[in-house]
Structure formats: structure tokens, C-alpha cells
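Taken together, the values in this text are just the output of simple stated rules run on the coordinates, not laboratory data. What you see is a predicted model; the values in this text were computed from it and never measured. Cβ coordinates were reconstructed from backbone atoms using ideal geometry, including for glycine residues, and neighbour counts include every protein chain displayed.
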Amino acid sequence: MNKSKRPFTKSKRSFRRRLPPIQSGDRIDYRNMSLISRFISEQGKILPRRVNRVTLKQQRLITIAIKQARILSLLPFLNNQKQFER
């Protein structure tokens, strides 16, 4: 089928640009629990960079901060409790 014979053409989709998860003013630190907890899965695993949409440098800082928070027992190493629905 030729492109010129198509009665309907695809309209160009406008997409909203995703905001970066880490703002310029945010400090990536083990004490910043509200920031760190966004990069951990429900099982307590560190999410990969492609899921987080962060730069390589930010991902390294996040990983170090999470590991420090785990050692200081601010975060659990594992979270394998079953979530029961009522």
C-alpha cells in the first residue's frame, strides 16, 4: 500500500517531557530519606538507572547513599514481608 493512497495520516503526537526525578537543589545524601526511598523497589532493591531516569553520576551517588542508609539501619536490606490484603 502506497503512503500517498492512505486516507488517514497519523497525527504528530505531542508528548509532555518528563521532569527529572532529582532537581538541581536536591542533595543526594543518606539522610535525605524522602529522595532515597523513591529509588528503591518494594522488595528493597535499588532500581536500575534506566528505570530511574537519572545520570550515571547521580545513580552512583544514590547507590552509595542507599548503602550508607542500610548500614546505619535507616533502610532495610531486605523487605520480603508479604503484603496481606484485607
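Take the Cβ atoms of Arg16 and Thr63, set R0 to 30 Å, and the FRET efficiency comes out at 0.55.
Below 8 Å between Cα atoms, with a sequence gap of 6+, how large is the relative contact order for the stretch 20-86 in percent? Don't skip to the end; give the middle numbers.
Working: 51 pairs, mean separation 23.8, N = 67.
Relative CO of the stretch 20-86 lands at 35 percent.
Each semi-axis of the equivalent ellipsoid for the stretch 14-57 is √(5λ) with λ an eigenvalue of the Cα gyration tensor; in descending order they amount to 19, 15, 10 Å. Shape class of the stretch 15-86 from the Cα gyration tensor (axes a ≥ b ≥ c, square roots of the eigenvalues): oblate, since a/c reaches 1.5 or more and a/b does not exceed b/c.
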